[in-house]
Amino acid sequence: KKAIIITSAIEVNNDYPLTYSSVRSHFNSEERFRQTVSTIAAFDQASDENTTIYLIDISENFSLYGVLLSYQKNLKYIGVKEHMPEIWHEVNTHKNKSFCEQTIIFNFLEKFKEELDQYDIYVKFSGRYLIDGSFKINIFDNSEPGFFFKQPMKFQWNDSWGYNLVDRRSIQGDNYLYQYCSVIYAWSKEYMDQYKNISRVIIEYCSHPNGMSYDVETLLFFYTRQFENNIIEVPWIIYGWDGTSGRFLRY
């Protein structure tokens, strides 16, 4: 059984800038909702009878979207303001986007722990983005337990980033910073505790004044090095529009 966990922010308040952008969203709520509907439709096409889609949405008007999306038979809409009110304000206003996303995921995994225990595979996906035929749900049916990531992205090291704490160049034998895509990745049930531990550390890291510039892509790669032998790299392609600039992305 598979759980698709989609982190969602249909409504965004641009009064609260991000570390890398003066606005939280280039799009208004109406457009973000349209893009979210497309995300759900894409996973509906990719799902099988053993798949449940969880949309974890931080919108203020959660009841409205819950009703609008009730047509989707295998979707469970989870309004953060209703089910996790203790984090709702912070994940809508915090400057570090990675902190917000990981706080949503970690608290959802804890809050719905008993319900989620029935699943064998957990796929994390960012709302508004899209998948295509490169995503095959049956890839998990005969796979070994572990983590599933797209091949890492790499960038020539730049000292101005101030990323000294995650500098692995001497170990790697090259001059690159490696990152894992955070739009889509997955883990098996056997690695739930390990994933939650990584998520907890990323939350702490990105909430500290000295770690405010760090991002989940860098930290996902850095904190999974201990599980290198249990990481399956997959050829997934994702599409979508960057939330702050509106640029179309495909990678």
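The share of Cα pairs per 10 Å bin across segment 175-225, counted from zero up to the longest distance, runs 24, 54, 21, 1 percent. Accessible surface computed residue by residue for the chain, with neighbouring protein chains in place and a 1.4 Å probe, gives 48 Å² per residue. Charge dipole of segment 165-239 (Cα centre as origin; +1 on each Lys and Arg Cβ, -1 on each Asp and Glu Cβ, all else neutral): 100 debye, rounded to the nearest 20.
For the chain, modelled as a GNM whose springs connect Cα atoms under 10 angstrom apart, the maximal fluctuation among Trp161, Trp241, Trp88 occurs at Trp161. Over all pairs of different C-alpha atoms, segment 1-95 has a mean inverse distance whose reciprocal, the Kirkwood radius, equals 14.1 Å. Across the chain, the fraction of Cα-Cα pairs farther apart than 23 Å, rounded to a whole number, is 50%. Taken one residue at a time, the phi angles of segment 146-163 give Karplus couplings (6.51, -1.76, 1.60, θ = phi - 60°) of x, 9, 10, 10, 5, 4, x, 7, 9, 9, 4, 4, 10, 4, 5, 5, x, 9 Hz. Gly and Pro are set to x.
Shape analysis of segment 145-251 places it in the rounded category; the axes a ≥ b ≥ c from the Cα gyration tensor give an a/c below 1.5.
Each residue of segment 18-32 was assigned a 3J(HN,Hα) from its phi angle through the Karplus curve 6.51 cos²θ - 1.76 cosθ + 1.60 (θ = phi - 60°); the sequence is 9, 4, 10, 8, 6, 10, 7, 8, 7, 9, 7, 5, 4, 5, 5 Hz, with glycine and proline shown as x.
For segment 33-112, with all protein chains in place and a probe radius of 1.4 Å, 51% of the accessible heavy-atom surface sits on carbon or sulfur.
The values are calculated or read from the model by the stated rules, or taken from the named source; none is laboratory data. This structure is a prediction, so every number in the text was calculated from the model and none was measured. Using ideal geometry, Cβ is built from the backbone for each residue, glycine included, and neighbour counts are taken over all protein chains shown. The accessibility values were calculated without ligands, DNA or RNA, using every heavy atom of the protein model including side chains. Shrake-Rupley method; radii C 1.70, N 1.55, O 1.52, S 1.80 Å.
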